[in-house]
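To keep things clear, I will list the structure first and then write my remarks on it.
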Amino acid sequence: MSAAKVVVIEDEPDILELIEYNLRREGFEVVTAANGRAGLSVIGREKPDLVLLDLLLPGLDGLDVCRRLRAVESTRDLPVIMVTARGEESDVVLGLGVGADDYIHKPFSPRELIARVRAVLRRGPLRESDPDQRVVRGPLVVDPVRHRVAVDGRRLEFTPTEFASCTSWLRIRAASSPVANSWIGRSAIGQSSSTGTSTFMSAPCARNSDRTAT
């Protein structure tokens, strides 16, 4: 079996060197880029198995790079791990909202880096054609691949933050569902809240039930 290929897009030379060294030591093939535009070019040429993507890149930042990857058929299912030096929840939510599969905070240990890379590679890509990836709760249907939510067949308009909050609520509610657990674990979207499930539902999920897409 050939080694998995990882493209690392990182503008800080020391961090880039550290990531590359540890990935190569674990047997991965590594290709690097120092900015977003170069990274997109490398991805198109190298056809990697996974992308490690810095959030704060010069010019085209990590969010824009991820959006562009998800907008193209050939890279729509490409696993992406977002790397960020900022620990704010909003950054994580935005990254997951535009299609990142996981995230890792700087500074990180080599063991955590390798563990997250291997975990995301094991999950494999989420396929749009797989109906088992959808979460259905009565009239509520959430499609994590297309980032769509519908109630009674009506598609709702959600911002990335609202989508992540709604799926956070589902994460709590879906504990007894094997299908939902599988998707939630693979999507890694949202965190549990001690405030209870009604907060999540009454905020974006319920509020957007009256806001349909045009």
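Under the classification rounded if a/c is under 1.5, otherwise prolate if a/b is larger than b/c and oblate if not, where does the stretch 22-75 fall, given a ≥ b ≥ c as square roots of the Cα gyration tensor eigenvalues? Oblate, since a/c reaches 1.5 and b/c is not below a/b.
Which shape class applies to the stretch 1-131: rounded if a/c is under 1.5, otherwise prolate when a/b exceeds b/c and oblate if not, where a ≥ b ≥ c are the square roots of the Cα gyration tensor eigenvalues? Judged from the Cα gyration tensor, the stretch 1-131 comes out rounded (a/c under 1.5). If the segment from A85 to S41 were pulled out straight at 0.36 nm per residue, it would be longer than the present Cα-Cα gap by 13.4 nm. Label-to-label distance for V72 and K106 is 2.5 nm, based on points extended 7 Å past Cα in the beta-carbon direction. Using C-alpha pairs below 8 Å separated by at least 6 residues, the relative contact order for the stretch 5-123 is 23 percent.
Quick note: the coordinates plus some simple rules give every number you see, no bench work behind them. None of these values were measured; they are calculated from a predicted model. Positions of Cβ are backbone-derived with ideal geometry, glycine not excepted, and every protein chain shown enters the neighbour counts.
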